Amino acid sequence: GCSTISTAYVNFDVVPMPTAAFTISSTNACLGDSLQFCYSGASMTPLAFSWDFGPNANPQFSTLTCPGDVQFDQPGFQTITLVVDHFGCRDTATQQVYVRDAPQVNAGVDKDFCEGSGPVQLDASVVGGAPNYGYNWQASPAPGGFVGNSYVEDPWVNPTGSRMYYIQATDAYGCKSN
């Protein structure tokens, strides 16, 4: 008899494990703020990214390295998850962002004003957000005939014609009303 010796080889490639680290442009945000998320782990090729910003985010998912313009439509803690894949080796990282509720402002009721009858006071109210609000009134068309400071909750005005008055409130954390 004949005998045959056959040799088989198995090659193993050791693939480095990716690290799913990421940065966030701000971990304290206001409703409507656009946030950017960016992968900050080790550089290796190829990498596949799977971001999940949660059900309150727009967009909710991304496969970009550094997705930007992510907005949340609900206040509170939002959980962000990143899965990084390198040749089937995966790592996951999770972080939270706290989204603050923006203040809501009401400019008050419409008013009739008799020309020449002296100044009238605007009457705004603000709810939500964090107290210690800042105020910014604008008039259209300008100028608005403000008597004194237009950066108070209820300024006095003495318009010389029909005007629309607009107010934006900023809360203690810098969140602005629409």
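The values are calculated or read from the model by the stated rules, or taken from the named source; none is laboratory data. What you see is a predicted model, and the numbers here were worked out from it, not measured in a lab. Cβ: placed from backbone, ideal geometry, glycine included. Neighbour counts: every protein chain shown. Heavy atoms of the whole protein, side chains included, go into the accessibility calculation; ligands, DNA and RNA do not. Shrake-Rupley method; radii C 1.70, N 1.55, O 1.52, S 1.80 Å.
Here is the list for the stretch 30-135: trypsin sites (Lys or Arg not before Pro) lying in DSSP coil, each with at most 16 other C-beta atoms within 10 angstrom of its C-beta, are 111.
Projecting label points 7 angstrom from Cα along Cα→Cβ for residue 114 and residue 56 puts them 5.1 nm apart.
For residue 166 and residue 4, calculate 0.36 nm times their separation in residues minus their Cα-Cα distance, and state this gained length in nm to one decimal.
On the way: separation 162, 0.36 × 162 = 58.32 nm, distance 9.26 nm.
Gain on stretching residue 166 to residue 4: 49.1 nm.
Centre-to-centre separation between the Cα atoms of the stretch 28-64 and those of the stretch 68-118: 15 Å.
Residues of the stretch 92-115 with an amide N closer than 18 Å to a point placed 7 Å from the Cα of residue 178 along the Cα-to-Cβ direction: 100-108. For the chain, the Cα gyration tensor yields ellipsoid semi-axes of 61, 13, 11 Å (square root of five times each eigenvalue, largest first, whole Å). With the cut-off at under 18 Å, measuring from each backbone N in the stretch 2-17 to a point 7 Å along the Cα-to-Cβ line of residue 44 picks out 12-17.
For the stretch 43-95, the alpha carbon positions stretch 37, 18, 15 Å along the principal axes, listed from largest to smallest.
The gain in end-to-end length when the residue 104 to residue 132 segment is fully stretched comes to 8.7 nm, 0.36 nm per residue minus the alpha carbon separation. Ligands, DNA and RNA are left out, and with a 1.4 angstrom probe the accessible area of the stretch 1-118 is 65 Å² per residue. When a 1.4 Å probe is rolled over the protein heavy atoms, the share of accessible surface on the chain that falls to carbon and sulfur comes to 50 percent.
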